[in-house]
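Asker: First the structure, then my questions, so here it is.
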Amino acid sequence: MMKLLQLPLILVSVITSYGYAESAFEQGESSHHEHHAHEHGVARMNIIGDKNLLSITFTIPMLNVTGFEQTPENDSEQKILDDKIALIEKINQWLTLNQQAGCELTQHSVQIDSENEHPDIDFDIHYQCNKPEQLQTIDVNIFKQLDSLEKIEVQWVIANKQSAKSLTKKDKRILVTD
Ligand SMILES: [Zn+2]
């Protein structure tokens, strides 16, 4: 059996609720996590498939969501952020799994990770799949909504098989059987 990738901690952490409005804009708290600075233009996606459950975390630099790096400082910036998040939350419009797997979106949440100078927006997305063994393709059509995004670094562990791929505007398909 292949050695599993070392996955970010977020993949195994408990899913938190949609709570960015209450907590994410607090500042001055000292950071208690180690953060790797993101690369502008590059989002990360981690996918774990275990039996009928498929969990996806999608981490995007704030800059590539809103066009500004900091958490919102006024109403117009807040509106830009809210509108973009609402757009990305229409997950079924940009994330498509091949139909034979019978996967249905069961829950999602969004969090703003603003503990460092390069905030990220994290989406947690969960599916329940009737026939997970039939899962073959995951298409990620988010480049239109995030027009400054150049690349999505994807890694996945599905039914104990692991692999990785860089998605671009021209190549948006994950073949999970690869
Ligand atoms: Zn940044």
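The values are calculated or read from the model by the stated rules, or taken from the named source; none is laboratory data. Please read these numbers as outputs of a predicted model, since none were measured by experiment. Neighbour counts run over all protein chains shown; Cβ positions are idealised from the backbone, glycine included.
The rows are residues; the columns are (1) within 16 Å of the ligand (Cβ to nearest atom); (2) in a helix (DSSP H, G or I); (3) without any contact (Cβ under 8 Å) to a residue 24 or more places away in the chain.
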| residue | (1), (2), (3) |
| --- | --- |
| 45 | no, no, no |
| 54 | no, no, no |
| 64 | yes, yes, no |
| 69 | yes, no, no |
| 76 | no, yes, yes |
| 87 | no, yes, no |
| 96 | no, no, no |
| 100 | no, yes, no |
| 107 | no, no, no |
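Asker: Looking at this structure, is residue 111 over 13 Å from residue 53 (Cβ atoms) and touching a residue at least 40 places away in the same chain (Cβ under 8 Å)?
Answerer: Numbers: over 13 Å from residue 53 (Cβ atoms): yes; touching a residue at least 40 places away in the same chain (Cβ under 8 Å): yes.
So residue 111 passes the test.
Asker: While we're on this one: Is it the case that the range 149-171 has a residue that's part of a helix (DSSP H, G or I), at pLDDT 95 or above and within 13 Å of the chain's Cα centre (by Cα)? Outline the logic, then answer.
Answerer: Taking the range 149-171 and keeping what is part of a helix (DSSP H, G or I), we get none.
No, there is no match, as no residue in the range 149-171 is part of a helix (DSSP H, G or I), at pLDDT 95 or above and within 13 Å of the chain's Cα centre (by Cα).
Asker: Out of curiosity, is residue 115 at pLDDT below 95 and either assigned to a loop (DSSP other than H, G, I, E, B) or of a type outside the set (Ser, Thr, Tyr) (or both)?
Answerer: Values: at pLDDT below 95: yes; either assigned to a loop (DSSP other than H, G, I, E, B) or of a type outside the set (Ser, Thr, Tyr) (or both): yes.
It is true that residue 115 is at pLDDT below 95 and either assigned to a loop (DSSP other than H, G, I, E, B) or of a type outside the set (Ser, Thr, Tyr) (or both).
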